[in-house]
Amino acid sequence: MLKEKQHAASAQDVFAEDVISGLSAAPRSLSSKWLYDTAGSAIFEEITQVKDYYLTRTEAAIFENILPELAVLFKPGSGIVEFGSGASIKTRNLLSALQPACYVPMDIADEFLQSAAEDLHQLFPDIEIMPIVADLTAPYQLPQAFLDKHSKLGFFPGSTIGNFTAEIARRFLTHTREAMGSGAHLLISADLVKDKNILVRAYDDHEGVTPRFTLNLLTRMNRELGGNFDLSSFRHVAEFNEQMSRIEIHIESIADQIVTVAGKDFRFGRGDRIRTEYSYKYSESSFSDLLEEAGWRLERFWSDPNDWFGVFLAVC
Ligand code: AVI
């Protein structure tokens, strides 16, 4: 119990330090990982159901189509590690089709991970479930029981790699290759470049769910760091930066104001922004280049009929 409290206190300190340094910097930014408190995770689930947010349903349709092919490539008895597994809902079909000997769900959110592992154990009593709490942007270690499997598959769905800068993405892919060992496969998805209006709509939807997701970060800072952000004085802005091939999301001040958070005062002029997210959009070849730079080789690529979303299978 005491241990848990210490853990909670230090997580709060890290959040406070990050907020102070992010709001003191020019330009201002906050890591997108802070968007996912309990409320933020629930709003993100809502986003995945929004009509303008085509990503989740397009990816699900691709996976449904390719499962039989994957089942031929990966025989029963393999090891699967999933990065950023969350509630592991998307994984259930994969586990049924591939029948691995072990499954390692890896996520930063401890509570989610433990309850997801228990649910999976009920559903798949023959699969050894070995959850790991880890921040994907830092080095991690895989369990020996997983490494001992002759066939190993890393699974990183959801196009979450798009929220990493190119440097962090490269570092993650390189570390994953080293951690999994030669001969391992990686099944990873990425959103593809497309018409700018479709992209911007996905991040500024007609139903107003994405602005709620972004502005929840202000609510979180108010609650956890004694902040006094007035949510009606800020707005969500999503833009596509064509040169960088990424959606950029900002919280923009719509008034001149001074806000106190984490014990410090921050002045905002009208139009001043805090960047909260990048969401990179790749092509088949730009993502294949990224994989290669990290020592992976693209083996298969699947997309949807519109070429809006990509699923990549790489080997090292
Ligand atoms: C989690 N990630 C892949 C989402 C994306 O599309 O970049 C996060 C998101 N932010 C706003 N809408 C969705």
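Applying the Karplus relation 6.51 cos²θ - 1.76 cosθ + 1.60 with θ = phi - 60° to region 88-102 yields 3J(HN,Hα) values of 6, 5, 5, 7, 4, 5, 5, 5, 4, 6, 9, 6, x, 7, 9 Hz, where x marks Gly and Pro.
How far, in degrees from 0 to 90, does helix 2-24 lean away from the longest principal axis of the Cα atoms of the chain, to the nearest 10? With rounding to tens, the tilt is 60 degrees. In the chain, a dipole from Cβ-located charges (positive for Lys and Arg, negative for Asp and Glu) runs towards its positive end, and of G226, Y53, Y36 it is G226 whose Cα lies farthest in that direction.
Cβ under 12 Å from A134's Cβ, A134 left aside: what net charge do those residues give with Lys, Arg +1 and Asp, Glu -1? Show your work: numbers first, answer last.
On the way: positive: none; negative: E82, D107, D110, D135.
It works out to a net charge of -4.
Calculated accessible area for the chain comes out at 47 Å² per residue, all protein chains present (probe 1.4 Å; ligands, DNA, RNA ignored). Taking Lys and Arg as +1 and Asp and Glu as -1, the other residues whose beta-carbon sits under 15 Å from that of L147 total 0.
Proximity of backbone amide H atoms, modeled 1.01 Å from N, is registered between V261 and F266 at under 5 Å, excluding neighbours fewer than 5 places apart on the same chain. Residue-wise HN-Hα couplings along region 134-139, as the Karplus relation 6.51 cos²θ - 1.76 cosθ + 1.60 with θ = phi - 60° gives them from phi, are 7, 8, 5, 7, 10, x Hz; Gly and Pro carry x. When peptides 208-216, 70-78 are sorted by average Cβ neighbour count within 10 Å, with the highest value leading, the order is 208-216, 70-78.
The H on the amide N of G154, modeled in the peptide plane, is under 5 Å from the matching H of V81, H185, L186, L187, each at least 5 residues off or on a different chain.
A simple charge model with +1 on the Cβ of Lys and Arg, -1 on the Cβ of Asp and Glu and nothing else charged puts the dipole of region 21-170 at about 440 debye relative to its Cα centre.
With charges only on Cβ, +1 for K and R and -1 for D and E, what is the dipole size of region 109-173 about its Cα centre, in debye, rounded to 20?
Details: 4 positive and 9 negative charges, 90 e Å.
Using only the charged Cβ atoms, the result is roughly 440 debye.
Roughly how many debye, to the nearest 20, is the charge dipole of the chain about its Cα centre, given +1 on each Lys and Arg Cβ, -1 on each Asp and Glu Cβ, and no other charges? Walk me through the numbers on the way to the answer.
On the way: 30 positive and 45 negative charges, 55 e Å.
Rounded to the nearest 20 debye, it is 260 debye.
Computed over the chain, relative contact order equals 20 percent, with contacts defined as Cα pairs under 8 Å that lie 6+ residues apart.
Taken one residue at a time, the phi angles of region 253-261 give Karplus couplings (6.51, -1.76, 1.60, θ = phi - 60°) of 6, 9, 8, 7, 7, 10, 10, 9, 8 Hz. Gly and Pro are set to x. When Rg and Dmax are taken over the Cα atoms of the chain, they come to 20.1, 61 Å.
For the chain, modelled as a GNM whose springs connect Cα atoms under 10 angstrom apart, the maximal fluctuation among L225, L153, L199 occurs at L225.
The values are calculated or read from the model by the stated rules, or taken from the named source; none is laboratory data. Note that this is a predicted model, so its numbers are computed, not measured. Cβ sites come from the backbone with ideal geometry, for glycine too, and all protein chains shown count toward neighbours. The protein model used for the area step is the full one, side chains on, heavy atoms only, and it has no ligands, DNA or RNA in it. Shrake-Rupley method; radii C 1.70, N 1.55, O 1.52, S 1.80 Å.
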